[in-house]
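Data block below; observations after.
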There are 4 protein chains.
Amino acid sequence: MELTLEQVQTGLQAGVKKAQEIKVPCSIAIVDSGRNLLGFYRLDGAVLASIETAQGKAYTARSMNMKTGDIMPLVQPGAPLYGMALTHRTPLIVFGGGAPISRNGQVAGAVGVAGGMVEQDEQIAEAVVKAISN
Amino acid sequence: MELTLEQVQTGLQAGVKKAQEIKVPCSIAIVDSGRNLLGFYRLDGAVLASIETAQGKAYTARSMNMKTGDIMPLVQPGAPLYGMALTHRTPLIVFGGGAPISRNGQVAGAVGVAGGMVEQDEQIAEAVVKAISN
Amino acid sequence: MELTLEQVQTGLQAGVKKAQEIKVPCSIAIVDSGRNLLGFYRLDGAVLASIETAQGKAYTARSMNMKTGDIMPLVQPGAPLYGMALTHRTPLIVFGGGAPISRNGQVAGAVGVAGGMVEQDEQIAEAVVKAISN
Amino acid sequence: MELTLEQVQTGLQAGVKKAQEIKVPCSIAIVDSGRNLLGFYRLDGAVLASIETAQGKAYTARSMNMKTGDIMPLVQPGAPLYGMALTHRTPLIVFGGGAPISRNGQVAGAVGVAGGMVEQDEQIAEAVVKAISN
């Protein structure tokens, strides 16, 4: 089952609410199970780099079915997946802010958040996941 | 003055309403005055090509400050701007569905819609413009 | 002999003067004999598409050592160079506004102007060429 | 408020003056708040790589609203944003020479300088910023 636009809007809105609560201007992107863009919001005042980075995090989280921050240690020099981040046409992003979204026990897509500190982006992504996943 | 997220949401929502009314699954993208993405919705059932095409139309409409369909006759073989569509790294899209958004007499961004027949995409883009422009 | 920055500035300034005189907000690009960018101005209010198009015209004019408008008839369907515009990594632009710049009987670079009607762009490009060529 | 051509010329000229003073042949690029090119000079004798690098630095500085050199420590192996530089279609440049330009308390664009040693590029970029920012 693909995510519906209604679910995407619910997720984006939950992200906006959390972002405003912790005062982090950011971009929020949601992709489907095929890693293709479903929805995107850029909040007022978010840096432009957040546009590409939020989308990259969502792409990465669904590519690996992992939170992006969890990929980080695996791709360091000397680690098992060193170099992996560059093997995709859209380079993988391996710091926090991306997370898979599950529905009925299956990964249905992913969210990516960028614009704040890594921990803030992760909090906002978590709010999105919580609002949509079941 | 840049478009706010609130204005972008209003515009996207007006596009969704029109798209549902005329039963056209599509993608809707809104960019700012610098051609950078502000907001994006993909409606349930829209073809994947609508993702890039909607964004390309918004990019084009702001690049030229014209409706994308109005560029079409200018780039035909024999016409003054023949070949122009290919001169950008993100190729310009010259069929209808993209339109500039003005605020206070200045172009503040643009919308692009893709997924339906050209005339349908244009109708939806017009609904977005009408909801945000002033 | 390569064009100097001083010559480039003189050329750009002559272009600005002509553009203001005929009231055409545009972009003006000057490339060297290797087709690489030497100088660029975007005038207040020029459409964003003029950025890429001005550079593309300068690139094209030096690629062919011809005014860009003179290439147009050669690349039409049925004409000798049909398809040629797409054979370059930066697609050639075959409508007016680009022109080679000569020094001491040799092509030393080219100028590209975009943002106005083709005839206006050509006038501005001519002013630049006249100010630098000898 | 977007930067005017007059401000861009003032900035470029300040950069040229500093570059000549410290004898560094370089390229200087200024982009607007949407990361789109406003002005560019290549000084006599600057290496060709300075063309893309100067523009990339200006693009990066505005993408992040940071001096490019300040991004460097953040993207090292083990650092929070490891891998980020490659997440943009135009890869971010994370060594010094790019800097945001502010007007009236807002980031209005950015400058990028390339061609010299990093510290020299930074000095020249600073001269540009100082001449335009207020």
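The values are calculated or read from the model by the stated rules, or taken from the named source; none is laboratory data. Please read all numbers here as calculations on a predicted model, not as lab measurements. Counting neighbours? That spans all protein chains shown, and the Cβs are built from the backbone with ideal geometry, glycine included.
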The one condition in (1) over 21 Å from D:V31 (Cβ atoms); (2) modelled with pLDDT of 95 or more; (3) of a type outside the set (G, A, S) that C:R42 fails to fulfil: (1)
Residues of segment B:1-12 that turn out to be more than 8 Å from every other protein chain (Cβ to nearest Cβ) and either within 14 Å of the chain's Cα centre (by Cα) or free of Cβ contacts under 8 Å to residues at least 12 places away in the same chain (or both), as a count: 3
Where C:R62 falls short, out of the listed (1) out of contact with any Pro (no Cβ under 7 Å at 6 or more places or on another chain); (2) part of a helix (DSSP H, G or I); (3) not hydroxyl-bearing (S, T, Y): (1)
Segment B:18-43, subset among the polar types (S, T, N, Q) and in contact (Cβ under 8 Å) with a residue 24 or more places away in the chain, residue farthest from the other protein chains (Cβ to nearest Cβ): B:S27
Top-ranked residue of segment D:9-31 - restricted to ones that are out of contact with any helix residue (DSSP H, G or I) (no Cβ under 8 Å at 6 or more places or on another chain) and at negative phi, ranked as surrounded by the fewest Cβ atoms within 10 Å (Cβ to Cβ): D:E21
Count of segment B:32-65 residues which are in contact with a helix residue (DSSP H, G or I) (Cβ under 6 Å, 6 or more places away or on another chain) and over 22 Å from B:L5 (Cβ atoms): 4
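How about segment C:82-125: which of its residues are surrounded by 19 or more Cβ atoms within 10 Å (Cβ to Cβ) and acidic (D, E)?
Listed by number, the residues that qualify are C:D121, C:E122.
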Among (1) closer than 30 Å to A:E119 by Cα; (2) in contact with a Phe, Trp or Tyr (Cβ under 8 Å, 6 or more places away or on another chain); (3) without any contact (Cβ under 8 Å) to a residue 40 or more places away in the chain - the single one D:G78 does not satisfy: (2)
The listed residue being modelled with pLDDT under 95 and closer than 20 Å to B:L43 by Cα, out of B:G105, B:G96, B:G112: B:G96
Residue count for segment A:85-126, restricted to those that are touching a residue at least 60 places away in the same chain (Cβ under 8 Å), assigned to a loop (DSSP other than H, G, I, E, B) and away from chain D (no Cβ under 11 Å): 2
Single condition B:G15 does not satisfy, out of (1) touching a residue at least 24 places away in the same chain (Cβ under 8 Å); (2) part of a loop (DSSP other than H, G, I, E, B): (2)
In segment A:72-81, the residues that are loosely packed, with under 13 Cβ neighbours inside 10 Å and within 10 Å of another protein chain (Cβ to nearest Cβ): A:P73, A:P77, A:G78
Condition check for B:A46: more than 14 Å from chain D (Cβ to nearest Cβ), outside any helix (DSSP H, G or I) and buried (at least 22 other Cβ atoms within 10 Å of the Cβ): yes
Residue that is farthest from D:F95 (Cα to Cα) [pool: residues in segment D:51-71 that are more than 14 Å from chain A (Cβ to nearest Cβ) and surrounded by fewer than 24 Cβ atoms within 10 Å (Cβ to Cβ)]: D:I51
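Among the residues of segment D:61-68, is any touching a Phe, Trp or Tyr at 6+ places or on another chain (Cβ under 8 Å) and over 27 Å from C:A54 (Cα atoms)?
First, the residues of segment D:61-68 that are touching a Phe, Trp or Tyr at 6+ places or on another chain (Cβ under 8 Å): D:68.
Imposing the further condition that a residue be over 27 Å from C:A54 (Cα atoms) reduces the set to D:68.
For segment D:61-68, residues touching a Phe, Trp or Tyr at 6+ places or on another chain (Cβ under 8 Å) and over 27 Å from C:A54 (Cα atoms): present.
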